[in-house]
Amino acid sequence: MKNISFIDLSVQQKRLKDKLKLRIDNVLSHGKYIMGPEVSELEKNLENYTDAKYAITCGSGSDALLLSMLAYGIGPGDAVFCPSFTFPATAEAIALVGATPIFIDVDLDTFNISIDDLEKVIINTQKENKYKLSMILAVDLYGLPANYDSLRLIANRNNMILLADAAQSFGAEYNFKKVGKLADTTCVSFFPAKPLGCYGDGGAVITDDRDIAEKIKSLRLHGKGRSKYDIDYLGINSRLDTIQAAILLEKLNSFDWEVSMRNKIAAKYTASLSELIKTPFVNSGYNSVWAQYTLRHKDREMFQAELALKGIPTMVYYPIPMHKQNAYKNYNDNNRSLPNSDKLSREVFSIPMYPDMDNEDQEYIISEILNIIK
Ligand SMILES: *Cc1c(COP(=O)(O)O)cnc(C)c1O
């Protein structure tokens with residue numbers, strides 16, 4: 001029996017070790033651990049990579065979301081529409097600034113926010129007249145961009161901001177545009193297990209909007225004005241460590257290759273499994289970075305247990321949708337049901353996916369899954 005890792009970053013580390021060490025040594029020599037030169041170098045590279053005008057790094061993906069809420073002045077009385085089937089940080093940023101998250105159902109095929117449900121709920125919210133229609137916060141779940149063309153139309157029609165929680169999708173594309181260019185402002189995470197991960201916490205806000213970029217640069221430094229103790233905004237402390245920036249600079253160099261490997265692995269999973277089990281659906285025009293490769297099965301627990309017996313780990317992202325969470329269910333005022341989010345939270349499980357996975361492991365995983373189905 002094999003003993004497969006869900007994500008094994010050790011091969012990647014070996015591949016990059018010498019260069020990473022040089023980069024880290026360089027930081028140790030200059031000693032500028034906070035806001036050192038690597039931070040602005042990385043920001044330039046992120047701008048080049050995404051083709052966006054501004055990339056501002058920060059302490060985490062969660063902070064990127066919170067900083068964006070603060071920069072747009074989102075607060076009490078504002079409605080922010082987001083999918084229920086997501087990681088808690090999406091809803092958290094909305095609630096922390098005192099705004100109201102309004103949970104929208106997702107599509108079963110893409111796992112992303114349902115355009116039909118969004119339109120329906122926006123109309124109802126407008127009729128109720130309790131909140132201002134302020135923002136759509138889309139999530140690119142598992143690395144697949146949301147439907148930004150439709151989201152853009154809806155946002156424009158209602159004069160709303162379109163924010164992207166792209167914590168899982170840095171590097172992905174929609175209609176030949178990179179994540180970072182698809183929404184008004186985009187929030188990225190560099191948590192180690194994300195497609196582009198550092199060796200600790202890290203994140204970035206990406207935007208073409210100069211005012212928002214300037215504001216985020218201030219907000220991450222306690223809202224600083226022209227000098228350090230000249231405070232313009234109520235801000236927070238959220239910076240990317242220089243050492244993490246150094247690591248990301250090196251990792252960004254091989255990132256395109258990694259994304260292509262992820263796509264190769266995903267294509268093989270899909271080709272081998274799609275006739276027998278529900279595999280992820282990627283429409284034309286979309287390019288996923290496969291933060292996760294996620295299957296669906298009615299008897300998920302059986303599946304996970306059988307795979308575990310074969311040394312194949314699986315993970316459930318996410319077992320409880322936001323509208324059912326203790327911390328957030330009160331926001332679902334009218335106890336609206338979100339059937340797709342409920343169904344997915346019962347049926348999804350992700351299987352091992354990382355760019356350095358070898359062929360033999362992948363074939364083993366495929367054949368064991370087929371053995372269970374047959
Ligand atoms: C990981 C993640 C976040 C938070 O990112 P951190 O860097 O861990 O704070 C936010 N939203 C989604 C969808 C995520 O997957």
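Tell me the Kirkwood hydrodynamic radius of the stretch 29-163 in angstroms, computed as one over the mean inverse distance between distinct C-alpha pairs.
16.2
Which FRET efficiency value, to the nearest 0.05, is calculated for SER260 and SER337 with the Förster distance at 56 angstrom and r the Cβ-Cβ distance?
0.90
Determine ³J(HN,Hα), in whole Hz, for all residues of the stretch 315-320 in sequence, where each value follows from phi through the Karplus function 6.51 cos²θ - 1.76 cosθ + 1.60 and θ = phi - 60°; x replaces Gly and Pro.
9, 10, 10, 9, x, 10
How much net charge surrounds ILE123 when only other residues with a Cβ under 14 Å from its Cβ are counted (Lys, Arg +1; Asp, Glu -1)? Kindly include the intermediate steps, with their values, before the conclusion.
Working: positive: LYS120, LYS127, LYS130, ARG157, ARG336; negative: ASP116, ASP117, GLU119, GLU128.
Around ILE123, the surrounding residues sum to +1.
Sequence gap at least 6, Cα distance under 8 Å: using those rules, report the relative contact order of the stretch 133-222 to the nearest whole percent.
That works out to 22 percent.
I need the trypsin sites (Lys or Arg not before Pro) found in the stretch 1-36, filtered to DSSP loop residues with at most 15 other beta carbons within 10 Å of theirs. List each step's numbers first, then the result.
Numbers: sites: LYS2, LYS14, ARG15, LYS17, LYS19, LYS21, ARG23, LYS32; in loops: LYS2, LYS32.
Here the trypsin sites (Lys or Arg not before Pro) that fit, given the DSSP loop and packing criteria, are LYS2, LYS32.
So for each of 60-66, 36-42, 25-31 I average, over its residues, the number of other beta carbons within 10 Å; can you give me the resulting order with the highest mean first?
Taking the mean over residues of other Cβ atoms within 10 Å, the ranking is 60-66, 36-42, 25-31.
Cross-link list LYS120/LYS178; LYS32/LYS228; LYS194/LYS251; LYS44/LYS177: which exceed 20 angstrom alpha carbon to alpha carbon?
Beyond 20 Å between Cα atoms: LYS120/LYS178.
With the Cα gyration tensor of the chain in hand, give its eigenvalues times 5 under a square root as the equivalent ellipsoid semi-axes, listed largest first in whole angstrom.
Numbers: eigenvalues 207, 170, 54 Å².
Each semi-axis is √(5λ); the values are 32, 29, 16 Å.
Cross-link candidates for LYS310: which lysines have Cα within less than 23 Å, leaving aside residues fewer than 8 places away along the same chain?
LYS2, LYS268, LYS278, LYS298, LYS374
Could you rank the peptides 163-169, 68-74, 295-301, 346-352 by their average count of other C-beta atoms within 10 Å per residue, with the highest value first?
163-169, 68-74, 346-352, 295-301
In nm, give the distance between the simple-model label positions of ASN48 and ARG346, each being 7 Å from the Cα along the Cα-to-Cβ direction.
Between ASN48 and ARG346, the label points sit 5.1 nm apart.
From Cα pairs below 8 angstrom and at least 6 apart in sequence, can you work out the relative contact order of the chain, rounded to a whole percent?
Over the chain, the number comes to 23 percent.
Where does the Debye-calculated log10 I(q)/I(0) of the stretch 240-352 sit at q = 0.16, 0.20, 0.23 Å⁻¹, using only Cα point scatterers of equal weight, no solvent?
Debye intensities relative to I(0), on a log10 scale: -0.95, -1.10, -1.21.
Every number here is computed from the coordinates shown, using simple stated rules; none is lab data. Predicted, not measured: the structure shown is a model, and the values here were computed from it. In this analysis, Cβ positions are derived from the backbone assuming ideal geometry, glycine residues included, and neighbour counts consider all displayed protein chains.
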